[in-house]
Amino acid sequence: MIEASCHCGAVRFAVETAPGEVNDCNCSICRRYGTLWAYYQPRQVRFAAESGPTDIYMWGDRMLEFHRCRACGCVTHWSPVDRAHGRMGVNARLMPPEVLAAIPVFHGDGASM
């Protein structure tokens, strides 16, 4: 079990396994957020019951909700507006450093899309 949290610990989540790789996307929002996205099916990500609230930001085609902790501002995850979509992204930078260090980084070119 891999546990992750925002800086202040208000938003916490866990996944069973480390991702096979993380995506360092260079699109206009991801490069500003400084995230490394790990992709999971929503049922594979368990948010702690007592997790604090998040603020949501949507832009462009408004298909993704970017979540950040209301207390410390860390970007925690994105989820699709269409809940039938079978994938979400969690910010792998919130995972323990020793877990993150062992994961290959894919440099996605979202800027060209």
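A few comments on the model shown:
- Every helix of 4 or more DSSP H residues in the chain counts as -39500 (n - 2.57), and over all residues that averages to -2000 deg cm²/dmol at 222 nm.
- Virtual spin-label span in nm between R32 and A71, 7 Å along Cα→Cβ: 2.6
- Residue-wise HN-Hα coupling along the stretch 50-66, computed from phi with Karplus coefficients 6.51, -1.76, 1.60 (Hz; x: Gly, Pro): 8, 4, x, x, 10, 8, 10, 10, 10, 8, x, 7, 6, 9, 10, 9, 8
- Cα-based Rg and Dmax for the stretch 2-112, where Dmax is the largest Cα-Cα distance (Å): 13.1, 39
- For the pair the stretch 1-39 and the stretch 66-80, the centres of their Cα atoms are 10 angstrom apart.
Where a number appears in this text, it was derived from the coordinates with a stated rule and is not lab data. It should be emphasised that the depicted structure is a prediction, and the values quoted were computed from it without experimental measurement. Please note: Cβ atoms are built from the backbone with ideal geometry, for glycine as well, and neighbour counts cover all protein chains shown.
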